[in-house]
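Below: one structure, written as structure tokens.
Values quoted throughout were computed directly from the atomic coordinates according to the rules given, and no laboratory measurement underlies them. Note that the structure is a prediction, hence the values are computed from the model and not measured. Heads up, the Cβs are rebuilt from the backbone with ideal geometry, glycines too, and the neighbour counts pull from every protein chain shown.
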Amino acid sequence: MEIPKKLKVIADPVHGPILYTTIEHEILSSRVFNRLHNILQNSMAYYVYPSTRTSRFVHSIGVMHLATVMFTNGCLNADPDDLTEFLEELYSEFKEVLRKVNIKNKIDEKILDKIGFQRSAPFRERLQRLNEDDTLKIVGKRLQEERVLRNFALPLSESLLPIYYVSLQSLRLLGLLHDCGHLPFSHVMEFALESLWDKLEEKTGLNELEENVRVILDNYCSVKE
């Protein structure tokens, strides 16, 4: 993905202008995320309070923004030694994640060239040689090019910059995506499904459709319990 030449901005009614990064742009443009326009934060409360119609789309953008503010201000106000220890622990956690998730095929040759990673070796060979440290360095370097994230730059050592930017972008994505799995009518639908599950559990002689629904709800409702 190429970095947009112009910064993209959302005019939020509460927090004012909110800038978003390349990967956030991809998510905001997706059908999966745009369905949140039609799911209200406060479910059916607008029947009593007609003006209470904030969508989970707007809410998720606000969460992304506030998570960014909390994280960056927490880092700015932290003792330097504590901040270093915190980021080093995050680095270890991300390395563990990367051991379990292979993202090498998503790395572009131009990015390897940009950071000078073994330029003399063929591209395939270079990908095979990547370890978790290299991958974090590459992703962190790529994120440092995001002008939106550079607005939250901190005076950190060169070794800590990659994990700071990886953590910052990850946290923003967590805030943005945290409501994507919501059902229609928000939490009201959850109570309806639990009621349906109870009835299917008590019923004998389920037909094929009912049995399939019961199995699906079994996974959902048993986790909630």
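Please identify every one of the GluC sites (Glu not before Pro) in the stretch 155-219 that sits in a loop by DSSP and has no more than 11 other beta carbons within 10 Å of its own beta carbon.
Numbers: sites: Glu158, Glu190, Glu194, Glu201, Glu202, Glu208, Glu210, Glu211; in loops: Glu158.
Sparse-neighbourhood loop GluC sites (Glu not before Pro): Glu158.
With a cut-off of at most 15 other beta carbons within 10 Å, and DSSP calling the residue loop, which trypsin sites (Lys or Arg not before Pro) in the stretch 128-225 qualify? Please list them. Kindly include the intermediate steps, with their values, before the conclusion.
Working: sites: Arg129, Lys137, Lys141, Arg142, Arg147, Arg150, Arg172, Lys199, Lys203, Arg214, Lys224; in loops: Lys203.
Answer in residue order: Lys203.
Run the numbers for Glu93 and Arg147: contour at 0.36 nm per residue of separation, minus the present Cα-Cα distance, in nm.
On the way: separation 54, 0.36 × 54 = 19.44 nm, distance 2.58 nm.
Going from the current span to full extension adds 16.9 nm.
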Taking H as built 1.01 Å from N, whose amide H comes closer than 5 Å to the amide H of Lys8, not counting residues under 5 places away? Tyr20
May I ask you to evaluate 6.51 cos²θ - 1.76 cosθ + 1.60, the Karplus curve with θ = phi - 60°, for each residue of the stretch 87-97 and list the ³J(HN,Hα) values in order in whole Hz, giving x for glycine and proline? 5, 5, 5, 4, 4, 5, 5, 5, 4, 5, 4
Report, in listed order, any pair from Lys8/Lys95; Lys8/Lys141; Lys100/Lys141 with a Cα-Cα distance greater than 25 Å. Lys8/Lys95
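What's the extension gain from Phe191 to Asn34 if we count 0.36 nm per residue and subtract their Cα-Cα distance? Walk me through the intermediate numbers first.
Numbers: separation 157, 0.36 × 157 = 56.52 nm, distance 2.41 nm.
Gain on extension, Phe191 to Asn34, equals 54.1 nm.
Are there any GluC sites (Glu not before Pro) in the stretch 2-76 that are in a DSSP loop and have at most 10 other Cβ atoms within 10 Å? List them by number.
Details: sites: Glu2, Glu24, Glu26; in loops: Glu2.
Hits after loop and neighbour filter: Glu2.
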